[in-house]
Amino acid sequence: MGLAFSKVLVANRGEIAVRIIRACREMGLASVAVHSESDSGAMHVRMADQALCIGPPSASESYLSIERIVDAARRSGAEAVHPGYGFLSENAAFAEAVIAAGLVFVGPPPSAMRAMGDKAAARVAMQMAGVPVVPGFQGPPGVAPGDEELVAAAERIGYPVLIKATAGGGGRGMRVVRRAEDLAENLAAAKREALHAFGDGALLIERYIGNAHHIEFQILGDSAGNLVHLFERECSVQRRHQKIVEESPSPLLDATMRDLMGRTAVRAARSAGYSNAGTVEFVMDPATREFFFLEMNTRLQVEHPVTELVTGLDLVQWQFRIASGELLPFRQEDLVSKGHAIECRLYAEDPARGFLPSGGKLLRYSEPAGPGIRVDSGVSEGDEVDMHYDPLLAKICCHAADRDAALARMRQALRRMAVIGAVTNWQFLREVIDSPDFGEGRVHTTWIEERFAGWKPSEEAPPKGLVVAAAIALAAGMDDNRAPDDRGGRGPADDPYSPWRAGDGFRSGGPR
Amino acid sequence: MKQRFVSAGSAWDIEIAHRDGALIADVNGGEHAVEILSERPGTLTLRVDGATLVCDWAADRSGGWICHDGRVWRFDKPHPTASRRREATGTGEGALRSPMPALVVAIDATEGQDVEGGAMLLVLEAMKMETRVTAPAGSWTVKRLLVAAGQQVIRDQELLELAPRDTGVDAEGGEDDGQVL
């Protein structure tokens, strides 16, 4: 069946833009990339059939500008817009602007985005739909509760409590408060963060569940109201509410729990009038086996490859088909999850500096490959890691018959990566995967903070063989007569073996 | 050619020579048989004492990186001038530097203020996340604020100067050569 559109604007950057453009190619759709001035040579721009510059590096003037993106869609002749994740993907006003311009928005209806986008309103809606929510306080709909009300609510709920931004997601504006005397300071900081990140400082407060597992269900629905879940993803390996490792199936769920939670997730989505791809997130107390609705993400999720690997479905292609009006040809009972999939997120973050974002030029970058290994990335060797944007470089995914086999595959995949030039969390990922707790699936959402507090990369001396390698490889790349470069950057320009030469040649020779 | 590298705090003297048609590496006085299996831009495959090693590498002016088996090692070729300057500026105590490119959101410290370790000095924001910069362990006086709220700072930019209290010693280091210390 042909689609209702033939040209798609991808309103994103990085690995997800590349992923979406790949799906466009496979479906015979023309792709249009948009980019900021600093991204003119980025991989998503190099891959798309057409690329338009939409503004300066600052995301608020480029990837977050509804006006500029809709204008770019018009100018390019695109008939549909895929928002990816992050940026404007959960912005109902953006979806409405796209639709008002006569274009297809590849995502849920704006009404469903609004229903789920306001975390406080979503809590109320879920309670009415019979979906369990974490005990908490959000004030009346549309009214941001004052500090006094939040303080009183915290006393009622009991410490520890979790402060969240009503408009939020991704850990921004989110804070755990364990003592009453710390509440005021954290409310102020959360409000500042929420204002910066979402332009809305409204907060809500919830009971904080210790040792919680984060388990989410992938939802897919068509415009006729057929809704299914594509099983769960366990995303409990998080650092400050940022997911690092995800897997499916969850080591915690049995068939009965999976079925119960899956049906609850579908009910949650149905109550919002949902269609297209989305994710219902639950927090689960492993002691009581209680689970609570956390939020629904009304977009494609970063960790969607995990679901694709176990179900064999291409979620991005299904997003296009659903947006085009196609109906789901399968029912819940037709769907099966096969084997085990794990994803590790490679971030340009410096573990030795509290995991702060690090930039740099990728002097060497090569990805693992082989049976059961999938890497979704938005960079290649020679690229500059831009500090303006999300530090996610690549997602390394492994699929195998069972969890142990998938873990073994991941260990080898991480060993076969090569990244030089930007500091990444790569070694940290290896230690997470190798830890006995993770091996046994006993990982909760604060495990990283507890188990890896103060973690630093090991500083052990290199094996002698590597000293030999250094002597052979680096002899050509060095020049005794020059002062050391304090930034550790550029090699001698006259040195034919310097990787800088290769890198620059790559950039200037490649498409812009 | 004799070379000296420093990696992970250890120094290595290495010389690679041809002997009877084979390559021999002398590493800190111990000999190792070396065979170069393949050499491509940025990737080197060696056999050292019978074990195969695949290494990705990149070089800069003062050394380079070797990436092997999921890890990256930095190798520095010691530079006499550089090491002296590093010592002269000590550990960089006195000036607190920004750990990342960031926006200064708020400044809690004031010049002349006495602070203890852990005291909140200022708040940075990067990637929409706030980071608090606090005083290191000890007793300090805020000597000088070097940034203002609303200012964009680069990685390693000095944010403020602290002087240890009651010692009478000026904590500010010597000349600043911009080195990451």
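Which condition breaks for A:Ile21 when tested against (1) outside any strand (DSSP E or B); (2) surrounded by fewer than 19 Cβ atoms within 10 Å (Cβ to Cβ)?
(2)
In the set B:Glu15, B:Glu39, B:Glu35, which member is more than 10 Å from chain A (Cβ to nearest Cβ) and over 30 Å from A:Val432 (Cβ atoms)? So that I can check it myself, show each step before the final result.
Numbers: B:Glu15 fails: more than 10 Å from chain A (Cβ to nearest Cβ); B:Glu39 fails: more than 10 Å from chain A (Cβ to nearest Cβ).
Residue meeting the stated conditions: B:Glu35.
Between A:Arg172, A:Arg233, A:Arg240, which is under 17 Å from the mean Cα position of the chain (by Cα) and on the phi > 0 side of the Ramachandran plot? Please lay out each step first, then the result.
Numbers: A:Arg172 fails: on the phi > 0 side of the Ramachandran plot; A:Arg233 fails: on the phi > 0 side of the Ramachandran plot.
After applying the criteria, what remains is A:Arg240.
Pick out the one residue from A:Ala341, A:Ala413, A:Ala418 that is among the small types (Gly, Ala, Ser), within 14 Å of A:Glu247 (Cα to Cα) and modelled with pLDDT of 95 or more. Before the answer, list the steps.
Working: A:Ala413 fails: within 14 Å of A:Glu247 (Cα to Cα); A:Ala418 fails: within 14 Å of A:Glu247 (Cα to Cα).
Step by step, each of A:Ala341, A:Ala413, A:Ala418 is checked, and only A:Ala341 is among the small types (Gly, Ala, Ser), within 14 Å of A:Glu247 (Cα to Cα) and modelled with pLDDT of 95 or more.
Of all residues in segment A:447-460, which are part of a loop (DSSP other than H, G, I, E, B) and exposed (fewer than 14 other Cβ atoms within 10 Å of the Cβ)? Even if it seems obvious, please write down each step before you answer.
Keep residues of segment A:447-460 that are part of a loop (DSSP other than H, G, I, E, B), which gives A:452-460.
A:Ala453, A:Gly454, A:Lys456, A:Ser458, A:Glu459, A:Glu460 - these are the residues of segment A:447-460 that are part of a loop (DSSP other than H, G, I, E, B) and exposed (fewer than 14 other Cβ atoms within 10 Å of the Cβ).
Can you tell me which residue in segment B:135-150 is nearest to the other protein chains (Cβ to nearest Cβ), limited to those that are closer than 30 Å to A:Gly86 by Cβ and either surrounded by 14 or more Cβ atoms within 10 Å (Cβ to Cβ) or among the aliphatic types (A, V, I, L, M) (or both)? Break it down into steps so the answer makes sense when it comes.
Of the residues in segment B:135-150, the ones closer than 30 Å to A:Gly86 by Cβ are B:147, B:149-150.
Checking the rest, the ones that are also either surrounded by 14 or more Cβ atoms within 10 Å (Cβ to Cβ) or among the aliphatic types (A, V, I, L, M) (or both) come to B:147, B:149.
Working: B:Val147: 17, B:Ala149: 12 Å.
Restricting to residues being closer than 30 Å to A:Gly86 by Cβ and either surrounded by 14 or more Cβ atoms within 10 Å (Cβ to Cβ) or among the aliphatic types (A, V, I, L, M) (or both), the top hit is B:Ala149.
Wholly within segment A:370-446, which strands (runs of 3 or more DSSP E) include no fewer than the required count, namely at least 3 residues that are more than 25 Å from A:Ser458 (Cβ to Cβ)? Even if it seems obvious, please write down each step before you answer.
Working: elements: A:373-377, A:392-400, A:418-420.
Of the strands (runs of 3 or more DSSP E) lying wholly inside segment A:370-446, those with at least 3 residues that are more than 25 Å from A:Ser458 (Cβ to Cβ) span A:373-377, A:392-400.
Give the residue, chosen from A:Ala121, A:Ala153, A:Ala125, A:Ala112, that is surrounded by fewer than 21 Cβ atoms within 10 Å (Cβ to Cβ), in contact with a Phe, Trp or Tyr (Cβ under 6 Å, 6 or more places away or on another chain) and not in a loop (DSSP other than H, G, I, E, B).
On the way: A:Ala121 fails: in contact with a Phe, Trp or Tyr (Cβ under 6 Å, 6 or more places away or on another chain); A:Ala125 fails: in contact with a Phe, Trp or Tyr (Cβ under 6 Å, 6 or more places away or on another chain); A:Ala112 fails: surrounded by fewer than 21 Cβ atoms within 10 Å (Cβ to Cβ).
None of the others qualify; the one that does is A:Ala153.
Each row is one residue, and each column tells you yes or no for (1) surrounded by 20 or more Cβ atoms within 10 Å (Cβ to Cβ); (2) within 20 Å of the chain's Cα centre (by Cα); (3) within 29 Å of A:Leu103 (Cα to Cα); (4) among the basic types (Lys, Arg).
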| site | (1), (2), (3), (4) |
| --- | --- |
| A:Ala277 | yes, yes, yes, no |
| A:Val283 | yes, yes, no, no |
| A:Phe292 | yes, no, no, no |
| A:Pro305 | yes, yes, yes, no |
| A:Val310 | yes, yes, no, no |
| A:Gln317 | no, yes, yes, no |
| A:Ile322 | yes, no, yes, no |
| A:Phe330 | no, no, yes, no |
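Looking only at residues in segment A:365-385 that are touching a Gly at 6+ places or on another chain (Cβ under 9 Å) and acidic (Asp, Glu), which one is nearest to A:Met410 (Cα to Cα)?
Initial filter on segment A:365-385 (touching a Gly at 6+ places or on another chain (Cβ under 9 Å)): A:365-366, A:372, A:377-379, A:381-385.
With the extra rule that they be acidic (Asp, Glu), the set shrinks to A:381, A:383-384.
Values: A:Glu381: 22, A:Asp383: 25, A:Glu384: 26 Å.
Residue satisfying both the conditions and the ranking: A:Glu381.
Every residue in segment A:92-102 that is surrounded by fewer than 20 Cβ atoms within 10 Å (Cβ to Cβ) and either under 21 Å from the mean Cα position of the chain (by Cα) or not charged (D, E, K, R) (or both), please. Write out each step before concluding.
Going residue by residue through segment A:92-102, those that are surrounded by fewer than 20 Cβ atoms within 10 Å (Cβ to Cβ) are A:93, A:96, A:99-102.
A:Ala93, A:Ile99, A:Ala100, A:Ala101, A:Gly102, listed by residue number.
Quick grid of which residues meet (1) closer than 23 Å to A:Leu362 by Cα; (2) modelled with pLDDT of 95 or more:
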| site | (1), (2) |
| --- | --- |
| A:Ala48 | yes, yes |
| A:Cys53 | no, yes |
| A:Ser60 | no, no |
| A:Ser65 | no, yes |
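Since A:Ala453 meets every condition but one in (1) more than 7 Å from chain B (Cβ to nearest Cβ); (2) modelled with pLDDT of 95 or more, which condition does it not meet?
Result: A:Ala453 fails condition (2) only.
With the condition kept exactly as written, say whether any residue in segment A:254-275 is under 19 Å from the mean Cα position of the chain (by Cα) and either modelled with pLDDT of 95 or more or hydrophobic (A, V, I, L, M, F, W, C) (or both).
From segment A:254-275, those under 19 Å from the mean Cα position of the chain (by Cα) are none; that's our starting set.
So far as segment A:254-275 goes, no, none of its residues is under 19 Å from the mean Cα position of the chain (by Cα) and either modelled with pLDDT of 95 or more or hydrophobic (A, V, I, L, M, F, W, C) (or both).
Can you name every residue in segment A:358-389 that is within 14 Å of another protein chain (Cβ to nearest Cβ) and of a type in the set (S, T, N, Q)?
Matches in segment A:358-389: A:Ser358, A:Ser366, A:Ser380.
Give just the number: which of (1) farther than 29 Å from A:Val81 by Cα; (2) away from chain B (no Cβ under 14 Å) does A:Gly325 not satisfy?
The one condition A:Gly325 does not meet is (1).
Taking A:Thr279 as the residue in question, decide whether it is free of Cβ contacts under 8 Å to residues at least 24 places away in the same chain and polar (S, T, N, Q). Give the derivation first.
Values: free of Cβ contacts under 8 Å to residues at least 24 places away in the same chain: no; polar (S, T, N, Q): yes.
When the stated conditions are applied, A:Thr279 does not pass them.
The values are calculated or read from the model by the stated rules, or taken from the named source; none is laboratory data. Model, not experiment: these values are computed from the prediction. Every residue, glycine as well, gets a Cβ built from its backbone with ideal geometry; the counts of neighbours run over all protein chains shown.
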